[in-house]
Every structure is written in structure tokens, then in C-alpha cells.
1. For the stretch 151-183, give me each residue that is under 17 Å from the mean Cα position of the chain (by Cα) and at pLDDT below 95.
2. Tell me which residues, restricted to the stretch 109-122, are crowded, with 18+ Cβ neighbours inside 10 Å and either within 18 Å of VAL86 (Cα to Cα) or free of Cβ contacts under 8 Å to residues at least 12 places away in the same chain (or both).
3. Please determine whether any residue of the stretch 170-179 is part of a helix (DSSP H, G or I), within 14 Å of the ligand (Cβ to nearest atom), more than 23 Å from SER25 (Cβ to Cβ) and touching a residue at least 40 places away in the same chain (Cβ under 8 Å).
4. Can you pull out every residue in the stretch 145-164 that is within 16 Å of the ligand (Cβ to nearest atom) and crowded, with 21+ Cβ neighbours inside 10 Å?
5. Looking at the stretch 14-23 only, could you name the residues that are near the ligand (Cβ under 8 Å from one of its atoms) and either modelled with pLDDT under 95 or touching a strand residue (DSSP E or B) at 6+ places or on another chain (Cβ under 6 Å) (or both)?
Amino acid sequence: MPRIELVTGDITVQHVDAVVNAANSSLLGGGGVDGAIHAAGGPEILAECRRLRAITLPDGLPTGEAVATTAGRLPARWVIHTVGPVWPGGPGPEADARRLLLAAAYRNSLGLAESLGAASVALPAVSAGVYGWPAPDAARVALSTAAEATSPELIRFVLFSPAMHDVFADAAAALGIAAGTPD
Ligand code: APR
């Protein structure tokens, strides 16, 4: 059973084996955590993303999928890029369908981290920024997906504000998931 942690901070300074990026399908960068990871990690990450686009992902990375690159100058070995769904603007069948893709983004990122041999992984609140997903629902999907994982040993959600940290802590409590803080 992995240890699940919640921390308020910047994902680019986390000393873990793998850092998950909330990318877009182009894999060519953007704002938010994507912009922060490329800015801190340096040009090697984008160079590898471009190679992936040229060779294996000519149409881009589909929503819910995950792919790994070097972490460049980050204190990590890999960046795992995943693409979350955009919030459709309200509840209903479309939101329900896209919620499955959000869960897949987390599940595939954790599965890829495991296959790489990562013992620790840091993840952001995928889709809860520019993509507009309501934070409480995003937190529920993130934490329940992490709770179903068998590895990596350490799963750390890195929340960019105390408010988002509180949303995740409330979701963990409501789900009965023990979420610790880094030592
Ligand atoms: N560390 C941790 N979390 C961060 C950081 C950071 N350095 N910067 C932003 N965040 C948080 C945001 O506050 C939000 O809670 O990450 C969460 C996800 O927000 P976004 O980065 O906007 O990601 P998302 O909502 O999935 O939208 C993806 O935004 O940046 C573009 O290229 C990206 O097109 C893609 C889209």
C-alpha cells in the first residue's frame, strides 16, 4: 500500500523519482505546472517531447494517457506527462465520461512510474487549473485513484496553494484515506 502525502508547494523542487506534468496533447509546453516544469527542467525536456511527437505521437498525447521523458535539471529522474480532460462546464453525462479520463490520467501516470521503477512520484492537481475542473471533484478522483494503486511506495500530491491543500485534505478525510505530510 503506497504512502500518500499532501504538501503545499512547487512540484519542480520535489526530490522524487518521477514528477507528473499536467500537460496538453501537444506536449509542447504551456502555462501552469507545464510551464513551471519546462522552465525549471530546461530545454532537454521539450527536446525529448518534440522527439516523441515526431516519432511515436504524431497526433499528440491523447487525454488520459501518459508518457515519460527526462526530468532535465529537476531533482527527479523522469517527468511523466499526462493530459487531463477539460471541465465541460457543468455536471452530466459528458462530465461523467470525462471524469473517467481524469482517473485514467492518474492511473496511467502511476502505472508508468511503476514500470519505470520509480519509488516516489509527485503529482499536481491535474485539470484543476486552466482546464477548470472543480477542485473537490478533482481531488476525489486523484485520491481515490491513488488509493487503488499498489505502487510506487510514495505518492505525493503537491498542491500549489493552502486552499487546494485543504480541498485535498478534506477529500482524503471524506474518503477515509490516510494522507500524511512529508517528514
Ligand atoms: N507546482 C504544483 N502545482 C502547480 C504549479 C507548480 N509549480 N503551478 C501550477 N500548479 C497547479 C495549479 O494551481 C492547479 O491547481 O497545478 C494545478 C493544475 O493546473 P494547470 O497547470 O493549469 O493544469 P490543467 O488544469 O491540467 O491545465 C492544463 O494548462 O498549463 C496548461 O499546458 C497546460 O494546456 C495545458 C493546461
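1. Selection gives SER151 alone.
2. SER109, the sole residue that qualifies.
3. Kept after step one, since they are part of a helix (DSSP H, G or I), are these residues of the stretch 170-179: 170-175.
Subset that is within 14 Å of the ligand (Cβ to nearest atom): 171.
Cutting the leftovers down to more than 23 Å from SER25 (Cβ to Cβ) gives us 171.
Narrowing the set further to residues that are touching a residue at least 40 places away in the same chain (Cβ under 8 Å) leaves none.
For the stretch 170-179, residues part of a helix (DSSP H, G or I), within 14 Å of the ligand (Cβ to nearest atom), more than 23 Å from SER25 (Cβ to Cβ) and touching a residue at least 40 places away in the same chain (Cβ under 8 Å): absent.
4. Of the residues in the stretch 145-164, the ones within 16 Å of the ligand (Cβ to nearest atom) are 145-146, 155-164.
Passing the criteria: ALA146, ILE155, ARG156, PHE157, VAL158, LEU159, MET164.
5. Correct list: ALA23 only.
Yes or no, residue by residue, for (1) assigned to a loop (DSSP other than H, G, I, E, B); (2) more than 24 Å from GLY29 (Cα to Cα); (3) out of contact with any His (no Cβ under 7 Å at 6 or more places or on another chain):
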{"site": "ALA95", "(1), (2), (3)": "no, yes, yes"}
{"site": "ALA104", "(1), (2), (3)": "no, no, yes"}
{"site": "ALA122", "(1), (2), (3)": "no, no, yes"}
{"site": "VAL126", "(1), (2), (3)": "yes, no, yes"}
{"site": "TYR131", "(1), (2), (3)": "yes, no, yes"}
{"site": "ALA139", "(1), (2), (3)": "no, no, yes"}
{"site": "ALA142", "(1), (2), (3)": "no, no, yes"}
{"site": "THR145", "(1), (2), (3)": "no, yes, yes"}
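The values are calculated or read from the model by the stated rules, or taken from the named source; none is laboratory data. This is a predicted model, so every value here is computed, not measured. Heads up, the Cβs are rebuilt from the backbone with ideal geometry, glycines too, and the neighbour counts pull from every protein chain shown.
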